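Contents: one structure, followed by commentary.
The values are calculated or read from the model by the stated rules, or taken from the named source; none is laboratory data. In this text, all values refer to a predicted model and were calculated from it rather than measured experimentally. We work out accessible area using only protein heavy atoms, side chains counted, and drop any ligands, DNA or RNA first. Shrake-Rupley method; radii C 1.70, N 1.55, O 1.52, S 1.80 Å.
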Amino acid sequence: IRLDACKPLPFATDSIDWIYAEHMIEHISLTDATRWIREVKRILRAGGLLRITTPDLGKYIAGYHHDDGFFARHREVSMKAGIPLEDRRAFMVNQIFRSHGHQWIYDFDELCYVLGLAGFPADSIAERTFREGAIPEIAGMDREFRREETIYVEALA
């Protein structure tokens, strides 16, 4: 099903067990992301799971400040996928904000903020790691290609 994240979701309230969104939320504005997450909260059953994966602003900022090898590893993975990235720290930070139609880049605190605005309780939100989560089958959908640059966050309705 093709859906527009900026429009109401065509599903009944409390009708979905889980939603997995991989590298999607960064492609819509903060306002639209908040509306979309509110819609997700509406359609999730009580205890339903939302797993969001998105580029991690914190990794990019740390890579810029500390040259911890993140940019080199990310560049290597991207080049193998045919995505050329320049070997400059400023380029790497700018491309995450400006490339691929990105509208807003998140860290854990920003995701918590948006999830909270949408009605997810703070104690229901958890940062996870690659292919680790509350429901192993859902976390198992994480793609290796995106591992290096991604933050993984889950919230329970």
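What 222 nm value per residue comes from the helices of the chain, counting each DSSP H run with n ≥ 4 as -39,500 (n - 2.57) and dividing by all residues, nearest 500 deg cm²/dmol?
-11000 deg cm²/dmol
Given a 1.4 Å probe and heavy atoms of the protein chains only, how would you sort 112, 6, largest accessible area at the top?
Working: 112 40, 6 60 Å².
Correct descending sequence by accessible area is 6, 112.
Pull up the cross-link candidates among the lysines for residue 7, meaning alpha carbon to alpha carbon under 20 Å and not fewer than 8 places away within one chain.
List returned: 41.
Taking the full set of protein chains and a 1.4 angstrom probe, give the accessible area of residue 99 in square angstrom, rounded to the nearest 10.
In the full protein context, residue 99 sits at about 40 Å².
Rounded to the nearest whole Å³, what is the per residue volume of the convex hull around the Cα atoms of the chain?
Working: hull volume 18.0 nm³, N = 157.
Taking only Cα atoms, the chain has a hull volume of 115 Å³ per residue.
Over the chain, what is the relative contact order in percent, taking alpha-carbon pairs closer than 8 angstrom and at least six residues apart?
30 percent
Leaving out ligands, DNA and RNA, what percent of the accessible area of the chain is carbon and sulfur, probe 1.4 Å? List each step's numbers first, then the result.
Numbers: 4470 of 8490 Å².
The value for the chain is 53 percent carbon and sulfur by accessible area.
Quick one: work out the % antiparallel among DSSP beta bridges in the chain, nearest 5. Before the final figure, lay out the partial values.
On the way: 11 of 18 bridges.
Bridges in the chain are about 60 percent antiparallel.
Order 34, 129 by their accessible area, 1.4 angstrom probe, all chains in place, largest first.
Correct descending sequence by accessible area is 129, 34.
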